[in-house]
Amino acid sequence: MPCIGILAYGSLITDPGYEIASAANLDDSGELQKVQFETSFNVEYARLSKSRNEAPTLVPVPSDIGSRVNGTIIGLRSKVTMQDAMDILYRRELDRVGDLSRGYDDGEQRKKDDAVVIDRIEDHTEFDVLIYAFLKPTPVLLAVLRDSNLSTASKGQHLAQAAYSSLNNDTYFRCRDGVRYFADAIRYGIETFLTGSYKQAILEMAAVH
């Protein structure tokens, strides 16, 4: 059975969900086994997440924007099959952890316009296979981030406004707002091309409010 790892480069690092946590290897301190890894693809805050009230979230992007980032690999136990690994990651991305009626069907997902696709990287030095969620950028946000007429500061302000707009009593108390998401990404050393301007815009908004 292959040695499988889940590549995380966003909220999955801080909140993998109990299915992934139960399937993961533990280190000597009883924490999830994690290995640092730089993504082989560019990542940026290019998706407006419906489950986070339209907050900007990290997704793979075309090579003309974003940057490679420091990800984290969560190593899975040897008994976990590839299908099991894809199923639990798929449910985590749907925010349906524990719903065993939801299983991952690669062929069906790739037919959809806005799908949750589980992609893989073969032959990592410590893992036979790495899997990761590939969600598409939101077209309207991607257009803003690729607009050569907009400054980096303006793009950061656009992201910051979306993050602040996602804040309400529900998202705040469930830790599902864009500001918390961004702060967690910074805490785990994830730095995209727009992280600096995004952070500056957030701080400026905080000073005003």
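Each reported figure results from applying straightforward, stated rules to the coordinates on display, with no laboratory input. None of these values were measured; they are calculated from a predicted model. Here the Cβ positions follow ideal geometry from the backbone for every residue, glycine too, while neighbour counts run over all protein chains shown.
The D123 and V208 beta-carbon pair, evaluated with R₀ = 45 Å, returns a calculated FRET efficiency of approximately 0.35.
As an exercise, use a Förster radius of 30 Å and the Cβ-Cβ distance of F173 and Q200 to find the FRET efficiency, rounded to the nearest 0.05. Efficiency at R0 = 30 Å is approximately 0.65. Per residue, the convex hull spanned by the alpha carbons of the range 116-185 comes to 157 Å³. Looking at the chain, how many pairs of lysines come closer than 15 Å at the Cα, when each pair is eight or more places apart or spans two chains? For the chain, qualifying lysine pairs total 4.
Scalar couplings 3J(HN,Hα) for the range 125-139, obtained by applying the Karplus form with A = 6.51, B = -1.76, C = 1.60 to θ = phi - 60°, are 4, 10, 9, 5, 9, 10, 10, 8, 7, 10, 10, 6, x, 6, x Hz; x denotes Gly and Pro. For the chain, relative contact order (Cα pairs under 8 Å, six or more residues apart, normalised by length) works out to 27 percent. Using the rule -39500 (n - 2.57) for each DSSP H run of four or more residues, divided by the residues of the chain, the 222 nm mean residue ellipticity is -10500 deg cm²/dmol. When only the Cβ of Lys, Arg, Asp and Glu is charged (+1, +1, -1, -1), the dipole of the range 129-209 relative to its Cα centre reaches about 140 debye. Our summary gives the range 8-69 a relative contact order of 30 percent, counting only alpha carbon pairs under 8 angstrom and 6 or more residues apart. The translational diffusion coefficient of the chain, from Stokes-Einstein at 4 °C and 1.567 mPa s with a Kirkwood hydrodynamic radius over alpha carbon pairs, comes to 73 µm²/s.
Only one residue of H124, Y90, L142 has its Cα farthest out toward the positive end of the dipole of the chain, where Lys and Arg carry +1 and Asp and Glu -1 on Cβ, and that residue is L142. Between the residues Y18, A115, T39, the greatest Cα displacement towards the positive end of the dipole of the range 4-208, with unit charges on the Cβ of Lys, Arg, Asp and Glu, is found for A115. Overall, the chain carries a charge dipole of about 500 debye about its Cα centre when +1 sits on the Cβ of Lys and Arg and -1 on the Cβ of Asp and Glu, all other atoms neutral.
GNM, the chain, Cα, under 10 Å: largest mean-square fluctuation among S63, S49, S29? Largest GNM mean-square fluctuation: S29. Just want the answer: with Cβ charges of +1 for Lys and Arg and -1 for Asp and Glu, which residue in A133, S29, S78 is farthest toward the dipole's positive end in the range 4-208? Checking the options against the dipole of the range 4-208, the answer is A133. Label sites at Q161 and A183, each approximated as a point 7 angstrom past Cα along Cα to Cβ, lie 2.3 nm apart.
Could you derive backbone 3J(HN,Hα) for the range 187-196 from the dihedral phi with the Karplus parameters 6.51, -1.76 and 1.60 (θ = phi - 60°), listing whole Hz in sequence and x where the residue is Gly or Pro? Rounded to whole hertz, the list is 4, 9, x, 8, 10, 8, 4, 9, 4, x.
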